[in-house]
1. For B:ASN730 and B:ASN750, what is the calculated FRET efficiency with R₀ set at 41 Å and r taken between the beta-carbons, to the nearest 0.05?
2. Starting from the Cα gyration tensor of the stretch A:10-125, take the square roots of the eigenvalues, sort them a ≥ b ≥ c, and report rounded, prolate or oblate (rounded when a/c is under 1.5, otherwise prolate if a/b is larger than b/c, else oblate).
3. Taking θ as phi - 60°, what are the ³J(HN,Hα) couplings along the stretch A:69-80 by the Karplus curve (6.51, -1.76, 1.60), each to the nearest whole Hz, with x for Gly and Pro?
4. Which of B:PHE203, B:PHE351 has the fewest other C-beta atoms within 10 Å, and how do the rest follow up to the most?
5. Can you pull the one-decimal nm distance between simple spin-label points at B:THR191 and B:GLN176, each 7 Å off the Cα toward Cβ?
6. I need B:LYS108, A:LYS137, B:LYS771, A:LYS69 ordered by Cβ neighbour count within 10 Å, fewest first.
7. Helix B:531-542 versus the longest principal axis of chain B: what is the Cα-based angle in degrees, 0 to 90, to the nearest 10?
8. List B:PHE77, B:PHE89 from most exposed to least, where exposure is judged by having the fewest other Cβ atoms within 10 Å.
Amino acid sequence: MISIPRKGTPEYDRLVKEHKACIDSMKGVAGCSILRCATPGDTTEISGGIHEDFLLNRVLLRMRALPAKGKLVVICTKVEKEWRIGRLSGIRGVPPVFVDDRTFSDEQEVQHEIFLMRLEEMAESDGMPEHFHEGWKRRADNWTAT
Amino acid sequence: MMRLTGYADKFGVHPGETIKFYVNCDGPKKYKAEIVKMINGDTNPRGPGFIEKPVSVSVNGEYPGKKQVIQSGSYGFVTDNPNFRVESFTLQCWVWPTTPKTHPKYWKHGAQGLLSKWTPADGGYGLFINEDGCPELRINGERVTTGAPLRDHAWHFLAATFDAKTGEAVLYHEPQITYALDPEIPPAVRTVREKIRQSTAPFVIAGYTGAIDGGPLAASSLPKGMLISGHYNGKIDSPRVCNRALSRVEIETMKQGAQTGGDERRGSGPTPKLSECLVASWDFGAGIDTIYAHDKGPYLHHARIVNCPTRAMTGYNWDGHSFDWKHAKSEYGAIHFHDDDVDDARWDVDFAWDVPADLKSACYAAKLTTAEGDEDYIPFFVVPHVGKETAKIAVMIPTISYMAYANEHLANNAGGAELLVYRVPIMQHQNMFLSEHREYGGSIYDTHTDGSGLCLSTRLRPILSVRPKYDHFLMQAPWQYPADLHLIYWLEVNGYNYDVITDEDVNYDGLARLKGYNVVITGSHPEHNSGPQLDALHNYTQQGGRLMYMGADGWYWVHSFHPAYDHLGRGIITEMRRCESGIRTWRADPGEYYHQSTGELGGMWRYRGRYLHTVAGTGMSSEGFDISTWYSRTPESNDPRVAWAFEGIGYDEKLGNFGLVGGGAAGTELDIVDTMLGSPPHTLVVATSAGRHTEGYLLVMEDFGFNQQGLDGTQHPRIRSDIAYHETPNGGGCFAFSSIAFCGSLPWNNGDPAKNNISRLVKNVLDRFMKDGPLPPPPADAYKHRGRADYDPPGNKVSTARGV
């Protein structure tokens, strides 16, 4: 597995910059990918992001595969107007909770904020043998099933 | 949090008929109801915006609000009667529990009833799984347990006896499978000095009676007014009740249950002695397509099964040789109960509307609002009577697909399903409400709260995913109902006169439902279909009908409606099993592929020999949910057979590099032409999106035999959408637009064909398809012999290139 870059390293800075550029270019698209639109808000021509930065691609895949319990999620609090960050409970019937009071006025911006939070929260060697626990045997590994 | 939710008794209502509405208004004293015509449900500021039109009808007005709740969780019950008012007893059954022990915060944490005539307040008797996950015998307030937790997802035999004379209570727990380090589980034996207290509580299978008088909110329970609690998650097989304490040997014999057909001298069986004490012996393998559990004992205590648990499930004795329950019913004696099963919300009617006989067929909704700002919409469709069509165009609303996706929990359950959607999902207030209110039931994409696959979906409940102003987490954009309103908006703004019909109308009325139209237009994602519906579509196109397939991933899954609910209306509960292949959010267990409702083999139509591509010419090849892209025309678009579709569109134009679903016309789920999978050999591919999709798009698993690199949108040649056309006999034809995102491009620039080449293309096709009479015949040279795989790739033409 690849390592999760640490703050203060050139890899970290590169990933954050590229992710932000992609997200900014996706504003206005009814959907989102970590790719750069040649014309902001227009997916006619796309490049960069996960298609060209291998480390960014892999780090994002690792983040996406995190288990449901405690996973960060976007919650739309006012349709087309306001979004906040929540965390999944991982327990059926227990709804997500807001992680803080911040509100966002653009749905894509939250993606970047969650990317930054996950870089902080994930261990550098996340998923390596030293993290073994019994749940790996019982479907509680890093595989998000329905 | 949503305080206002509701549903109607019908998706499709005919003019002159009555439609009833059921509303939960939890808090506000009153709410306003208004009938509106739905035009556009998408709030995206880059589109035309949300559009509804008020309809002035007498039913509009204010109504008193009252709270109504869904009593979810499946169980069986027999109403109180003297046979169950036993002094001594034996209860026995096989169980395969899925959540014997739950997290303290789990939504229904607590003891689970298996076989009981017991209430917390009134006592009684019963066999339970306690909070610690151990089998437990209860007699009034007394409890006997082995202290050994049940292994989840494994069969166990349980039996509990009580002898009122001696007070001896025995609890047996005998796992079917044991492992090397499992401790022995000796029977628990205790003396219980109790006389069983009797009450009017029913005998309950897979739960217990929480309260005999459950108050007004229990009006939606069965038996009405009685609150059933302690819903069990898992399978139960071969439950028996006897009115005396049996010995262990007798219990073993009683496993056979009633044997009425075997020997007249034995009475009910299994032996003359045991037949005398037998109260009930249920065989869940009988009547699998009903909502009753068949009692083969002497009193015929057939149990009413509530909330439609999953049947046709393999039993403790399934041996892996028979896969069709119809031919091995004795091995399918298990019912899998779930605490979030729901078949009917059973709410009180709040208001009803007699739809005027002259009301135009269209998409409507009951708009519900309160002065405090609450809002909900209950969509429905006014469908003309067969033979009284009011247009040349029919829009076939994919209501089975709506039911399949009803109240899906993927954004929550599946850890955001982020590997699928390739970004962090966005949950709306509907998702937040459902994440807490599991009693509203899930979708066929979900797993139950116990983690098992969800294969039955009812429309008699609020379906919060079928709502305008709802963006689905999959695309961060409208999906299904609100996405289909993109098409409705386009038809309206371009002045077309159209009727709407629903999947269930086609299922129940067959070809008659379609025959009166020159063209049938599908929704954006008609993925889930019944056999009769596909038959009707096939007959229609073969007899000169024209089909415009406006989306992708259509005609994919086998569905059937449960016949036990037909008395409540058309298509109340739909069933679908995720079998051996296909895009599956869960996978059916071995031996559980056949539908309980009709006995037919479930899974993909492809594996029933009915290829997707045969219906409209294209079939699913890939999916991805990050962003969409656009199409280029192919040389085949210039073929005189189809060139008319491109009038006003330049050959080099970027087709659909705009849209309200992913930003382009080609996106989300994509279909291609494949003559080896049923596309007619004369199909023309007129445009394709090949080579433009992201890494988030992946080839469907039914198209490859083993995993290998190169399956994503940046690499694989089958990851594309093909817009395709083919003629059908008698002047019919099919146009397949082959992308779920496609309809999202229709409202762009207000759907103006002069400023939107997708609008122009669809208009050209619709204008030709809607005309009376057969389509103009293709040129004479179009008639020729064609194979399926007889294409000769340029690489094979070496000899030709050399001029040999």
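Rule-based calculations on the coordinates, nothing more; no lab input. Bear in mind that the values here come from a model prediction, so they are computed numbers and not experimental data. We place every Cβ from the backbone using ideal geometry, glycine too, and count neighbours over all the protein chains shown.
1. Details: r = 37 Å, r/R0 = 0.89.
So the FRET efficiency works out to roughly 0.65.
2. On the way: a/c = 2.08, a/b = 1.25, b/c = 1.67.
Oblate, since a/c reaches 1.5 and b/c is not below a/b.
3. 5, x, 6, 6, 8, 8, 10, 7, 9, 9, 4, 6
4. With the sparsest Cβ surroundings first, the list reads B:PHE351, B:PHE203.
5. The modelled label-to-label distance comes out at 3.8 nm.
6. Working: B:LYS108 21, A:LYS137 9, B:LYS771 15, A:LYS69 12.
Listing B:LYS108, A:LYS137, B:LYS771, A:LYS69 from fewest to most nearby Cβ atoms yields A:LYS137, A:LYS69, B:LYS771, B:LYS108.
7. 20 degrees
8. Working: B:PHE77 24, B:PHE89 28.
Starting with the residue having the fewest Cβ neighbours, the order is B:PHE77, B:PHE89.
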